[in-house]
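Data first, discussion second: the structure below is written as structure tokens.
The values are calculated or read from the model by the stated rules, or taken from the named source; none is laboratory data. Just so it is clear, the model here is predicted, and its values are computed rather than measured. Here the Cβ is made from the backbone with ideal geometry for all residues, glycine too, and neighbour counts use every protein chain on show. Areas reflect the complete protein model, heavy atoms only, side chains present, ligands, DNA and RNA absent. Shrake-Rupley method; radii C 1.70, N 1.55, O 1.52, S 1.80 Å.
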Amino acid sequence: MHPFAHRLLLAALPLSLLGAAVSHASEVELPSSMAWTAYGTNSSGYAQAVAIGNMLQNKYDSSVRILPGDNDVSRMTPLKQGRVDLCACGIASYYGAEGVMMFADRDWGPQPLRIITTSTASFGLSLAVAGDLDVETPADLAGKRIAYIRGDDALNKGTEAYLAFGGLTWDDVERVDYPGYGRSFDGIIAGDVDASFTTTVTPPAQQLASSPRGISWPVLDPNDSAGWERMAEVAPYFRPHEVTSGAGDISVDNPLPSASYPYPIVVANQDLDDKVAYGLIKALQENFDDYKDNAPGALGYALESQDLQWVVPFHDAVVEYYKEIDVWTDEMQAHQDELVERQNVLLMAWESFMEDAPSDDADMFTADWMQARASALSDAGFEPIFE
């Protein structure tokens, strides 16, 4: 199967297979308190962090203080500064690791992030399309009016990826700019635009489904290797996903072949203490039943839902845990090594770039960095992806 048309599923293993193959931690050792950042208090990511925190408190007497952040920068700044241990982040964690978009900035650059765990639940991430347009696949979006959300790189990148799946670009559609995500759905309902990127379970999508226009979701054929290749060239973090919850007629009995990526993505800096990283992943897996039903989307932390060949490297201690339970393969290790090498190339490129005291002009600074970044990655044999 084509690598981009494949989402790794692991068979859950009985606890009898858990061993002590690593020397640094066969038992869970966690600090008495930890601090995490997460999405706002009304988000599923925050609710999941609370559920996990309650489990850690009850099982290991380790308290978790959760700091909600309104945007990607506010969630990741405390992690960068070392004021929190973890961030239950969104896809911006990948942008941070790559040093692109809002992180192609003098105050940021590529961040040495490592994954602890992720959640991939029943929802998908897709373009919500007005149901009166007879759009069945992304290719059918040609000539349609597509929302562009000013200041929201992640949503616009998702839209671009869906267009690419259908062999399209922004030049093949009519771009309609909106100042915010919610306003774009008001625009669809009002008939001013035809599609906007979102999750399948978001309230605006539900509102669109209940409107006179209705809602539809483009089907992504999991066997369309060319389509997945084009999508990966734009946004390699998407994976094929059978969506079983969402606005419209999506259900377990009527699943949608679509795409998704993890949310939240629980990341730490690469220098997080090994005992903490190991203790967290072991606690999360061994006590899954204690929190899986306590927050929307928490089922996505199951072992079989973990993609162990994704786009951000895992913490070394997390890798050791997966080796210990005998699910880590040579192929996964080769992928991990490649991701770490890519990140080292980026970190060295940033250090060299900053030595030359680039322009104080923010736009010029970003343009110069992106050029230097692309050159460094290309010279090392990596695809820049973002240019």
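Computed values, structure above
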item	result
DSSP-loop trypsin sites (Lys or Arg not before Pro) across segment 65-108, with at most 12 other Cβ within 10 angstrom	ARG83
Taking all pairs of distinct alpha-carbon atoms in segment 194-331, Kirkwood radius in angstrom	17.5 Å
Residues with amide H under 5 Å from that of GLY90, placed H, sequence gap 5 or more	ILE265
By average C-beta atoms within 10 angstrom, highest first, the peptides 241-249, 185-193	241-249, 185-193
Mean shadow area of segment 272-345, taken as a quarter of the surface of its Cα convex hull (nm²)	5.5 nm²
Per residue value of the accessible surface for segment 267-387 (all protein chains in place, 1.4 Å probe), Å²	46 Å²
GNM result for the chain, Cα springs below 10 Å: residue of GLN343, GLN207, GLN111 fluctuating most strongly	GLN207
Qualifying trypsin sites (Lys or Arg not before Pro) in segment 114-169, DSSP loop, other Cβ atoms within 10 Å at most 11	ARG150
FRET efficiency, ALA142 to SER378 (Cβ-Cβ, R0 30 Å, nearest 0.05)	0.45
Amide H contacts under 5 Å for ARG175, placed H, 5+ residues apart	ILE146
Carbon and sulfur %, accessible surface of the chain computed with the full protein complex present, 1.4 Å	46 percent
Accessible area expressed per residue, segment 112-254, with surrounding protein chains retained (probe 1.4 Å, Å²)	38 Å²
Listed peptides 292-303, 131-142 by packing density, highest first (mean Cβ within 10 Å)	292-303, 131-142
Share of alpha-carbon pairs per 10 Å distance bin for segment 91-194, given as whole %	13, 38, 32, 15, 2
For the chain, alpha-carbon Rg relative to the globular expectation (2.2 N^0.38 Å, N residues)	0.98
The chain: antiparallel DSSP beta bridges as a percent of all, rounded to 5	55 percent
Under 30 Å, Cα to Cα: Lys pairs in the chain, sequence gap 8 or more or different chains	16
Rounded to 5, the percent of DSSP beta bridges in segment 59-196 classed as antiparallel	25 percent
Spacing of the two label points (7 Å from each Cα toward its C-beta) at GLU233 and ASP186, in nm	3.8 nm
Note, ³J(HN,Hα) from phi for segment 228-242, Karplus 6.51, -1.76, 1.60, rounded to Hz, x at Gly and Pro	5, 5, 5, 5, 5, 5, 8, 8, x, 7, 6, 9, x, 8, 8
Inter-probe distance in nm under a simple model that places probes 7 Å from Cα toward Cβ, at ARG65 and ASP326	4.3 nm
Inter-label distance for ASN54 and ILE385, nm, one decimal - labels placed 7 Å from Cα along Cα-to-Cβ	3.5 nm
Nearest-10 value in Å² for the accessible area of VAL73, using the 1.4 Å probe	60 Å²
